[in-house]
Each structure stands twice: as structure tokens, then as C-alpha cells.
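Asker: Please see the structure below; I have some questions.
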Amino acid sequence: MKTTTTALLADLTQRTQQVLDDARKLKTLDSKALNKKANADSWNALECLEHLCRYGDFYIPEITKCLDAASKKTADNFNSGLLGNYFAKTMLPGAKGMKTFKAMNPAGTTVRENVIETFIKQQEAILDIIARCSYYDLTKIKTSISISNLIKLRLGDTLRVVVYHNQRHMVQAKRASSTAR
């Protein structure tokens, strides 16, 4: 995928803002709606957000560290890498995704008490990161990924993976909470 940096960042901002708005709506729901599961194997809305927070706990500091270490150098275009583009596309809502790693699977674990507030803060941090990225070359900066320190993705691809993944599971959280009505 090749696009302008401006278009990529605008798209990621719009997607993240929608996820943030949806999270704020989830915050208004009662406990029954937030804990409802469509079936025994599915996640409820709070588990979806816990899953996303676990990834946010990794990616927000990782991206921030990489930006802090990079020199400011803007680039007009972003060129996706082969692996990064593949990972990003698998995260889009409706795409056939990857199996969740055990450490990131919230099923059968304790969901943090303030998961919605934590998720909202993480989305606000991601919006700040996206705004900051307009001063950097998203093709040249590389970030580690949560599944292996040996694999590095271009920053633009990492942002796409994180934002698309958030969007994917927000759709799932909204669907789970709406089955409670």
C-alpha cells in the first residue's frame, strides 16, 4: 500500500476518534449489557476492551520510545511493507483474523476494574501519537511487535495494525453489548 502520510494519518485519526466515541457510549451501559456474552466461547464487551488494553500496554510505550529516539524528518508518502500490510489487513473488521495469543486472551482472566476508562485514555494517547507522527517518516522508523522482538514493522504499518485491531474489537464489543437488550 502506498499513500500520502497526510491521508494515512487522517484515516487513522478518524478511525480512532470513532472507536473513542464508541467507548464513551459503552461507558453509559449497565453491567448486564457490558458482561453479556452471545455464547460461552465469545467475549463480552469488557473482555474485548481488556484484550485491546493489553495490546495498548505494549504498543503505546513502544511507539512513543521509537518516536523519542527518531529525528524529526517528514515524508510526503508512506510505503507499507509486505508483512506490515498483511498484518494490517488481517486486523480490519470483517477480515479473517489471527488466533489470539494466550497472554492477550481475557477469557477466564480478571478484567481490570477500570477497563473502559483505561481504554479511553489509551485511545486519547493514540490520537496524540498520530498527531505527533506528522513530523516523522513513517516508512523509515521501525517498531517491535508484540508477538516477537525479532520482527520489526514500519511505524505506519504498526499504527495501522493497532488502529484496525481496536476498530475490529470495538465492533465485537458493541455487538456483544447489544445482545443484552
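Asker: What tally of residues in the stretch 65-74 results from selecting those that are in contact with a helix residue (DSSP H, G or I) (Cβ under 8 Å, 6 or more places away or on another chain) and either surrounded by 15 or more Cβ atoms within 10 Å (Cβ to Cβ) or β-branched (Val, Ile, Thr) (or both)?
Answerer: Total satisfying the criteria: 3.
Asker: Let me ask something additional. Could you give every pair whose Cβ atoms fall below 6 Å, whose first residue belongs to the stretch 3-20 and is within 14 Å of ASP128 (Cα to Cα), and whose second residue is among the hydroxyl-bearing types (Ser, Thr, Tyr) and assigned to a helix (DSSP H, G or I), counting only separations of at least 6 or pairs across chains?
Answerer: LEU9/SER134
Asker: Test ARG175 against the stated conditions and say whether it is basic (Lys, Arg), in contact (Cβ under 8 Å) with a residue 12 or more places away in the chain, closer than 17 Å to ALA7 by Cα and surrounded by fewer than 21 Cβ atoms within 10 Å (Cβ to Cβ).
Answerer: no
Asker: I would also like to ask the following. Got a number for residues in the stretch 1-42 being more than 19 Å from the chain's Cα centre (by Cα) and surrounded by fewer than 12 Cβ atoms within 10 Å (Cβ to Cβ)?
Answerer: Residues flagged as more than 19 Å from the chain's Cα centre (by Cα) and surrounded by fewer than 12 Cβ atoms within 10 Å (Cβ to Cβ) within the stretch 1-42 amount to 8.
Asker: Right, here's the next one. Run SER146 past the list (1) at pLDDT 95 or above; (2) of a type outside the set (A, V, I, L, M, F, W, C); (3) within 16 Å of the chain's Cα centre (by Cα) and report the number of the one that doesn't hold.
Answerer: (1)
Here is a yes/no grid of residues against (1) farther than 12 Å from LYS174 by Cβ; (2) in a helix (DSSP H, G or I); (3) of a type outside the set (Gly, Ala, Ser):
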site	(1), (2), (3)
ARG15	yes, yes, yes
LEU20	yes, yes, yes
LYS25	no, yes, yes
SER42	yes, no, no
GLU47	yes, yes, yes
ARG54	yes, yes, yes
SER71	yes, no, no
THR74	yes, no, yes
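Asker: Which residues, taken from the stretch 76-114, are of a type in the set (D, E, K, R) and either at pLDDT 90 or above or under 30 Å from ASP137 (Cβ atoms) (or both)?
Answerer: Scanning the stretch 76-114 gives ASP76, LYS89.
Asker: Could I ask something else about it? Scan the stretch 5-26 residue by residue and report those that are within 18 Å of LEU92 (Cβ to Cβ) and touching a strand residue (DSSP E or B) at 6+ places or on another chain (Cβ under 6 Å).
Answerer: Selection gives LEU8 alone.
Asker: What is the one condition in (1) closer than 19 Å to CYS48 by Cα; (2) of a type in the set (A, V, I, L, M); (3) surrounded by 18 or more Cβ atoms within 10 Å (Cβ to Cβ) that ILE147 does not satisfy?
Answerer: (3)
Asker: Mind listing whichever residues of the stretch 58-91 are closer than 30 Å to THR110 by Cβ and free of Cβ contacts under 8 Å to residues at least 12 places away in the same chain?
Answerer: Result: PRO61, LYS65, THR90.
Asker: Looking at the stretch 57-101, which of the residues that are farther than 16 Å from ILE145 by Cα and basic (Lys, Arg) is nearest to the chain's Cα centre (by Cα)?
Answerer: Once the filter is applied, the top-ranked residue is LYS96.
The values are calculated or read from the model by the stated rules, or taken from the named source; none is laboratory data. The model shown is predicted, which means the values in this text are computed figures rather than measured ones. Heads up, the Cβs are rebuilt from the backbone with ideal geometry, glycines too, and the neighbour counts pull from every protein chain shown.
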